[in-house]
1. Report, by residue number, each residue of segment A:333-347 that is surrounded by 15 or more Cβ atoms within 10 Å (Cβ to Cβ) and more than 20 Å from residue A:407 (Cβ to Cβ).
2. Among the residues of segment A:57-99, which ones are out of contact with any helix residue (DSSP H, G or I) (no Cβ under 9 Å at 6 or more places or on another chain) and more than 21 Å from residue A:29 (Cβ to Cβ)?
3. Looking at B:1067, B:1048, which one is away from every other protein chain (no Cβ under 14 Å) and crowded, with 24+ Cβ neighbours inside 10 Å?
4. Working only within segment A:349-366, note down all residues that are surrounded by fewer than 19 Cβ atoms within 10 Å (Cβ to Cβ) and under 30 Å from the mean Cα position of the chain (by Cα).
5. For segment A:24-44, what are the residues that are more than 10 Å from chain B (Cβ to nearest Cβ), more than 16 Å from residue A:3 (Cβ to Cβ) and out of contact with any strand residue (DSSP E or B) (no Cβ under 7 Å at 6 or more places or on another chain)?
6. Would you confirm whether any residue within segment A:38-51 is touching a helix residue (DSSP H, G or I) at 6+ places or on another chain (Cβ under 9 Å), under 21 Å from residue B:178 (Cα atoms) and at pLDDT 90 or above?
7. With the requirement that a residue be at the interface with chain B (Cβ under 10 Å from one of its Cβ atoms) and either surrounded by fewer than 22 Cβ atoms within 10 Å (Cβ to Cβ) or modelled with pLDDT under 90 (or both), what does segment A:235-247 give you?
8. For segment A:1-15, name all the residues that are free of Cβ contacts under 8 Å to residues at least 60 places away in the same chain and not in a loop (DSSP other than H, G, I, E, B).
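The values are calculated or read from the model by the stated rules, or taken from the named source; none is laboratory data. Everything numeric here is computed off the predicted structure, so don't read it as measured data. Quick reminder, even Gly has a Cβ in these numbers, built from the backbone with ideal geometry, and neighbours come from all protein chains shown.
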């Protein structure tokens, strides 16, 4: 299946290669570089590139291209999914996934990759098993400079019926935290009406419990969830029949559930944006004015508001004054960014000023789109509520915590 | 850069050869220097040995030749370094061995030459470690061995794989499956032997192996579809518990399999598909219901046999559906393509939601999913229509995603949603991303051609775009307008005029060329303007681009033919200019045109037809999706994405005309003699969450009525079979899950109550032995006849737990013995022996009884099933108007169905009139639970009593079975709820087996409770009696005196239930129950504790 993997940085250097079968010459990447050149932007490089003898499948994350080389028919998503799993694993091991970090930890990287595939077919991809096989780097190990990170224990997890959980977990403080995080994806049109809005939610968990706890999590209003996808640990049948999440959790951090609240339900939009962006044909100055205000916030404060907008090519510079927060405009990329912070309903934040346009050029006929980021703590905008969390199979009393948060996902305002 | 390619320190030892090579020769694996051939070779046949030894001298050179050479930068050999690896391999420490092997694998996988380590590995690893007691070491050894890409070891590898394929550990077997493609790529001549191994591993029942072996199957022998038959149902049933990567491979293979084995579920709908025009405009649901199509379908129906979906086909669809909820995009896509290619039209819709969900994922995932959605949305547009808005484009999407979304939006556009779609397109046209704008304009063009109603609107919109400031937008619009106008040129003289005016401003060559072509083609619609345009073009001819020049010549020629009076001179001028053009194409074209249109002495023959040549009516170009017909590639495949056959692509076969024999998938019940240890061992490796048996799916009469099929959503269709006898596997699980939860909530209060009640009854419920005997006799003979009709289904059932239990003729006599010996205050309610589970008639069983009673018991006082609870009331005589009904759990296997709990029902008539026609009325049972009714009791005279036996399959849950008890005149609603201890049957086990099984059922499958035994309850037999009263378990011999062990299996799923009681003389005791069925375990602990502490 997967023959080789090349890691390529944004300047086009292959800084790591790994082969699971025979060695494929790195010159195969030339086809990739060609495509990269043609695409102008990194995100437009086609994920699948055919070459005369191989196929290159790539993902782009953290400014690194992960290019897999395959030789025969294989579902492309299989490879893409695997590559993303590799990136997730690196992140899990090293905290961040970047070129310097990968270079610093090249030993662990190789050891991990070796375990993840056998002859090109995925072998151990669960983080819990991998960590049992290959210990993540710690400061102590770096100091001692051990030559290998291969675990001393035999990886019994691979044999387990619960492959995602390692055995013999022990904690002095038993805790289980669940974060319900919802993101609003929305497109708001010029006049402020919603074109499409949906809520994408996830429940991320951090479970540190001794032994083999069996958890059930129930919701007050499970019918809200229109479409769900589960971590493999969740018992599907139980969800089907009772709408209860019943599972033996992996140890540590994991995503328990992702869900979707459909566009059919009315989605509350917690912010509005008033905008007045105008270019005039005659003058080389344009007017720019944005005000952000709260709407349907269920009494919560909107924080972490950031407004970004890609200005038209014709805009040379902007001179703006914000009523609060800071703003930047990059004249090269034409990216305007305004870090607003909290919204105070009494005094709405605004950003006003002028844009200087290229003299003589006709006015740009497109208006920029405004992208919005924000956070609302202690609120799940869909109204989803966790009813209770119960633990079976273990005697102790765990500490349980649930947090709600709403964020802007792909939130766009067209102007 | 190089630095990063090699692992530093211990991990990478650059594979040196040369210096070390000579020494290595001495250590050739076959020589085995440390005296005598290693035991491992003893398995070899003499010929094979010779074969192995022959090339021994060449081992090293050949190895170095074949093995991939080390990279230049790393060729400094460091043979010393390898010594420590060898040393590590020789140690007794598991971890060191493991580490050494991992390092070697790491080297090999990077293509480093590890051939000098070859002897050490083979000697130390293959020979010793392949027989290591630790399964992980065995697995690693095989992984190392199979990664050595040296042809010399092919026979060794082959043997090792064969060995590992029948290893005890599923993990080792998985590794064997992984090794198969490696060996195949090394030496494809081994194919036949490898296929044998694959066949063997395909029969494996563990989830761990399933994915890997199917992967090996796909790489080695994807054409051997016949190997799948016997394993098809098992694979379907295991699927949900296989790891994600394996799921993808299995689903993809099963899609192909299903295409060869089942009939097309869309047979009856194919008429609709033949009418693409209709399919395009109306959504499918409407159509299926539409009166016209119904007529068509019914008209066609008599000609064909009504379509009935193969239950195995249904099984596949049902078992893959939950995987749409997987977190892995690859799995979701795999299921989606399976449904697209295999499901009846009405059911395909379920995949849309999951696919739309994937659009939230990484952009690469979006890219692949959108490609597939684009293809699907052409064939099945209705499916994605509700999700139209999910395909709306954001300015932050990468261009390639935008263009794909646009494709989908265009495919989804229809008469009703086109206004919204066009409004959305209008926004896109103002985007900064010009490639995207151009694609949008083309999309508008396609909408206009597809949807007649909006053609004019679109055209007007495009014409408005002609005044756009951006030239690219204008140019693209011109090109699209040109195509649209070709469809109905007559009505659009105005637009052509408008376009003609644009020639002054627009500079994009393609657009200019398009305008000129339009004017030339439709010059009769713009008779005044056309010559003027030609005049202007003639003026600027030399400055034009080539493509424009060609169209100027074209225009000139056409005008000359239609309006030679005004344009003759102009044409000649243009042709003269062209004659001296720098581009030879243009010079050629000019010469050609001149000869054609201008009559001359020689060329007269052609010029007479010039008008026909130039002004022939030309068909309008068809604007269609580039994704049309791409579904002849299996969706989700690489080939589909590239729209070209990739290497190794397996064609998706067409549905067969006639269904191949479905019986090939039947699995025979293995013979009793085959119940070896291995069978038992596998028991433990049962899937974790799914406990579905390999039962055949429901026989569904799907699709014979397309209307009802489309009306009922997929959920109901999957349930529709649940009432039928053989469809338990799915609903059963659900039921059980349901049972668990409700039980765990209620059990606290309820089980207590129940126990109290039971205990009271115990005292009463005695002395009905003879009557029950009679009853069971009659019932079992009747169920016997029932059975014959069921035999086929019985055969199909591959996983009945019974086949794993040892013949119970052994346990039956013992049970008998004990119950007579051990019970002081109770006699068993029935003296009927436990009949063997195989179909043995009751009379034979009674014969056996005599035999076994005289036989000396094999293991005295080990097994002690007793009747559990005494009589319980089913119907009080007051409520029953004189009819009193009690029931007992007889603890005998129910002869009709081994999964059923046998319940003895005792009727007594205390009224004055005879009660006639006693039978069970239509039971209303929760899904999964089934009842085998007792034969009708014709008449019960006053004062008389009778006993009947009925079987209830509780599906391993303590759910209530509700049914009606009917007499000729009355109906009584009654219910039976089993105590948890009655849901199991004892099994015989040795102490070692017990310990082994217990070791496998740890973790959450183990429930422990501490208790203090009261003084009254410290003697051996009281404890045994109390436990066996509560639960139908068999005693297991035990070495230590303070421990009691009991074992049983649940009736429905055959899961083991192991109970251990560790009682100290002081009275402190610990009770442990090990069972996969946690709920049963928990409840059992409670019941037993209560019984013991009372």
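1. Residues satisfying the conditions are A:334, A:336.
2. If the condition is that a residue be out of contact with any helix residue (DSSP H, G or I) (no Cβ under 9 Å at 6 or more places or on another chain) and more than 21 Å from residue A:29 (Cβ to Cβ), then A:91 is the only one that fits.
3. Details: B:1067 fails: crowded, with 24+ Cβ neighbours inside 10 Å.
After applying the criteria, what remains is B:1048.
4. A:350
5. Result: A:30, A:33, A:34, A:36, A:37, A:38.
6. no
7. Hits for segment A:235-247 are A:235, A:236, A:237, A:238, A:239, A:240, A:241, A:242, A:244.
8. Kept after step one, since they are free of Cβ contacts under 8 Å to residues at least 60 places away in the same chain, are these residues of segment A:1-15: A:8, A:10-14.
Hits for segment A:1-15 are A:8, A:14.
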